[in-house]
Amino acid sequence: MLEAVHRRFYIIYGLLFLVFLFALAIGSVQFEIVVAIFAFLVFMLSWIWASNLFKTISILFFIIGASLSVGSGVSFDEIIRHILTSLPILIFLSLLPWIRTVFKLGTYDQYLAQLLVSKNGDLAQLYSKSIATTYSLLIFLNISAIYLAQELLREKLVSLPEKIRNSFIIETTLRAFSVAIIWSPMEIVVGLTVDGTGVSYLVYLPWLLLSSFLIALLDILMSKNRYKGWEIKSASESIAWSVLWPHLLKMFGMLTIFLALILTVNKLTNMSFILSVTLVILPFSFLWSILIGAAGTFLKDGWYSWKNYTNHLQNFAVLFLSLGFFSGGFNHSAIPSLLQQLMGSMQDYLIVVFVFITVIYFVMAMVGVHPIATVAILLEVLQPMFAYVNPLSVGIVLIISALATSASSPYGINATMTSQSMKINPYTITKQNILFSLMMSVVGIVIALVVNG
């Protein structure tokens, strides 16, 4: 009986996603409560098939979130709606197979794979190419690019021992994500910081670009010895650039349109960025399939891929539904106010403030609090400092330290997506990338001190 339900779980998830979107559209609190109860039932069903690690994490999140909410006097109606906070992320994840399908139908994955060819199959040389390729794709696809890049590298590195292959994929894709998004106007943390500090994005841009390329360069230089001596046995020759570039140009042209559509929807609807991306993915992918003359195949293959992928979302479901419950309780507790008082007492010592900002981000990330929630608190705390400290320098630390955690946070969407697809413990990712995240934060602090003078 349970196995039969599991095979058709995509129907339950799909229905939850649709009623949630409908609840957002009509703006009814009463209907949101109904959807929240439905989400809780989905959580309990998902919990049956989730791994023990995610079961434990989700129960802790629910207990802590409920305790904080009740202790803060939050009403029951509001508490139960906390479960919907992170649901847009779950919907977004379930739609990734559609854009992956159109990529494969257009053979763009094969063209991108040609960029991952290194002389004599040398893995150390491939590291820099992998960073560059993933970085380029991330500019347009944001987190979707991690999914695609990891698929490409998994096929490319099939001849390597599993430990080396996993290590290489974790480092190149998640680190590339961290350095690529610190200057992206699509990144929510960047947008919040620009608004909160009152400094123009164009003023931030050169400093963030400098930080991004410097961090990437340092990581590539430090990788030389890590993978020295390893080679890919199945290394292939690259095709001529004259053959390759027209196809890549078409791909980047479509991705530019994708970005423009996302920004347009985001501006017109005032939805969250993640929800804007979610609503654009499916119609955009379908229109793309029409342009390449593969609409029928796209619908058939995409539906099959979506069903199969969504049927195995249980770990993501228990994590993000419980995380929303925890985040809601945390935000209503006295903890944010205590942090404000602590930050205020250190505002005369700039480097201490910068280090403390970084510590707050890392501690919050390690217990599952998203940097978006943390940066909102920090901006409120730091506001009085902007009268006598260059807000640009503070903003640089807020952005870089926040996004540094995306490479190593065990509960971040990047790590959970990677751990799910690679079947590894998310703490393995933390162990692999924590030094990189710290190095990234240090670079941000140094540049911020230079900017402040």
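Just wondering, is there one or more residues in segment 70-84 that are within 22 Å of the chain's Cα centre (by Cα), within 30 Å of Thr269 (Cα to Cα), open to solvent by 10 Å² or more (accessible area, probe 1.4 Å) and touching a residue at least 24 places away in the same chain (Cβ under 8 Å)? Walk me through it before giving the result.
Applying the first criterion (within 22 Å of the chain's Cα centre (by Cα)) to segment 70-84 yields 82-84.
Those left that are additionally within 30 Å of Thr269 (Cα to Cα): 82-84.
Now drop any that are not open to solvent by 10 Å² or more (accessible area, probe 1.4 Å), which leaves 82, 84.
Imposing the further condition that a residue be touching a residue at least 24 places away in the same chain (Cβ under 8 Å) reduces the set to 82, 84.
Within segment 70-84, one or more residues are within 22 Å of the chain's Cα centre (by Cα), within 30 Å of Thr269 (Cα to Cα), open to solvent by 10 Å² or more (accessible area, probe 1.4 Å) and touching a residue at least 24 places away in the same chain (Cβ under 8 Å).
Give segment 415-432 a look and list any residue that's assigned to a helix (DSSP H, G or I) and either of a type in the set (Gly, Ala, Ser) or free of Cβ contacts under 8 Å to residues at least 40 places away in the same chain (or both), or say none.
From segment 415-432, those assigned to a helix (DSSP H, G or I) are 415-422, 426-432; that's our starting set.
Correct list: Ala415, Ser419, Ser421, Tyr427, Lys431.
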| said: If I filter segment 433-440 for residues that are assigned to a helix (DSSP H, G or I), open to solvent by less than 10 Å² (accessible area, probe 1.4 Å) and modelled with pLDDT under 90, do I get at least one hit? | reply: no
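Any residue at all in segment 322-329 that's over 30 Å from Gly73 (Cα atoms) and more than 19 Å from the chain's Cα centre (by Cα)? Outline the logic, then answer.
Step one: filter segment 322-329 for residues over 30 Å from Gly73 (Cα atoms), giving none.
Scanning segment 322-329 turns up no residue that is over 30 Å from Gly73 (Cα atoms) and more than 19 Å from the chain's Cα centre (by Cα).
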Result of the Cβ filter at 8 Å on segment 152-164, keeping first residues that are among the acidic types (Asp, Glu) and partners that are open to solvent by less than 40 Å² (accessible area, probe 1.4 Å), at least 6 apart or interchain, is Glu155/Ala113
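At least 3 residues that are aliphatic (A, V, I, L, M) and under 21 Å from the mean Cα position of the chain (by Cα) in each: list the helices (runs of 4 or more DSSP H) lying fully within segment 335-414 that qualify.
On the way: elements: 335-344, 350-366, 371-382, 391-404.
Hits in segment 335-414: 350-366, 371-382, 391-404.
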All conditions in (1) assigned to a helix (DSSP H, G or I); (2) of a type outside the set (A, V, I, L, M, F, W, C); (3) surrounded by fewer than 22 Cβ atoms within 10 Å (Cβ to Cβ) are true of Ser130 except (3)
Filter segment 215-234 for residues that are assigned to a helix (DSSP H, G or I) and open to solvent by 70 Å² or more (accessible area, probe 1.4 Å); the one that is nearest to Ile400 (Cα to Cα) is Leu217
Notebook entry, point to check: Just a yes or no: is a residue in segment 304-313 open to solvent by less than 50 Å² (accessible area, probe 1.4 Å), among the small types (Gly, Ala, Ser) and over 23 Å from Ser72 (Cα atoms)?
Noted result: yes
In the set Leu41, Leu53, the lone residue that is of a type outside the set (Val, Ile, Thr) and either within 27 Å of Met364 (Cβ to Cβ) or open to solvent by less than 30 Å² (accessible area, probe 1.4 Å) (or both) is Leu53
Only one of Ser212, Ser184 is under 30 Å from His370 (Cβ atoms), within 23 Å of the chain's Cα centre (by Cα), in a loop (DSSP other than H, G, I, E, B) and at pLDDT 75 or above, namely Ser184
Yes or no: segment 180-192 includes at least one residue that is under 17 Å from Trp230 (Cβ atoms), open to solvent by less than 10 Å² (accessible area, probe 1.4 Å) and touching a Ser or Thr at 6+ places or on another chain (Cβ under 9 Å). no
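The values are calculated or read from the model by the stated rules, or taken from the named source; none is laboratory data. Computed from a prediction, not measured in an experiment: that's the story for all the values here. Glycine gets a Cβ as well: all are built from the backbone with ideal geometry, and neighbour counts include every protein chain shown. Accessible surface areas use protein heavy atoms only, side chains included; no ligands, DNA or RNA. Shrake-Rupley method; radii C 1.70, N 1.55, O 1.52, S 1.80 Å.
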